Each structure stands twice: as C-alpha cells, then as structure tokens.
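**Student:** Pasting a structure here, questions to come.
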C-alpha cells in the first residue's frame, strides 16, 4: 500500500505552495507585459510591427491560460491535502504511487485514467 506519511504530506504541501507562488508570479509578470505592449502603445511602426505585437500578446495570454489551468490543479491538490484525500485517485479511489506524485505533485489520477470533462 502506498501510504503517505505526515512528513510526505508536509513536503508535498511545500512543493505545491512553491509551485503556486511561482505560477502566480509568472501570470502577474505576463499581465504587466501584456499591459505594457497594448495596442498602439508606441505610436511608431508599421502594420508588421503591430502584427508582431499582437502575436506576442496572444502568446503571453495563451501561456497565462495554461498556467491558470495548472494553478487550478495545484490549488485542488492543496485542497485534497486539507481534506485528507491527497494521493488517492479521483477516478478509481486507488492510491497514486508516490513516484507519480514526486513527478507531478498535483496529480489527481493514476497514469492512464482521465477525469470526466466538466459539464
């Protein structure tokens, strides 16, 4: 049986909190960049420059979207620690191997399992 000790849970909580803080910092930094490169900010350049600026903003926005998804997973993992269900698959109820949690501390399923799509 893959039983997580109190020490394991403390270590995973610290990793998840560190990851949460890093993600929030990346999102904030990108938001500042997006605001600084808003449309028509420089007033200089041609259509090509504007296209490049738009692409860069969209790229930053897409990266933020991915980080927000990961942040939600991290926050759910922290909630599972609080609820006493961390390390148990949300699909099968089977223990998640510690090796998987080491690789992906916010894992909510076993390898090969999929959470149902939200309605």
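The values are calculated or read from the model by the stated rules, or taken from the named source; none is laboratory data. This one's a predicted model, so the numbers in the text were calculated from it and none came from an experiment. So basically every Cβ, Gly included, is an ideal-geometry build from the backbone, and we count neighbours across all protein chains shown.
For every residue, the table says whether it meets (1) modelled with pLDDT under 95; (2) in a helix (DSSP H, G or I).
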{"site": "39", "(1), (2)": "yes, no"}
{"site": "44", "(1), (2)": "yes, no"}
{"site": "53", "(1), (2)": "yes, yes"}
{"site": "58", "(1), (2)": "yes, yes"}
{"site": "61", "(1), (2)": "yes, yes"}
{"site": "76", "(1), (2)": "no, yes"}
{"site": "81", "(1), (2)": "no, yes"}
{"site": "91", "(1), (2)": "yes, no"}
{"site": "114", "(1), (2)": "yes, no"}
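Rundown of residues vs (1) closer than 21 Å to residue 13 by Cα; (2) surrounded by 17 or more Cβ atoms within 10 Å (Cβ to Cβ); (3) in contact with a helix residue (DSSP H, G or I) (Cβ under 8 Å, 6 or more places away or on another chain), yes/no style:
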position	(1), (2), (3)
55	no, no, no
59	no, no, no
62	no, no, no
65	no, no, no
72	yes, no, no
87	yes, yes, yes
92	no, no, no
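**Student:** Does residue 72 satisfy the condition of being within 19 Å of residue 4 (Cβ to Cβ) and at pLDDT 95 or above?
**Tutor:** It is false that residue 72 is within 19 Å of residue 4 (Cβ to Cβ) and at pLDDT 95 or above.
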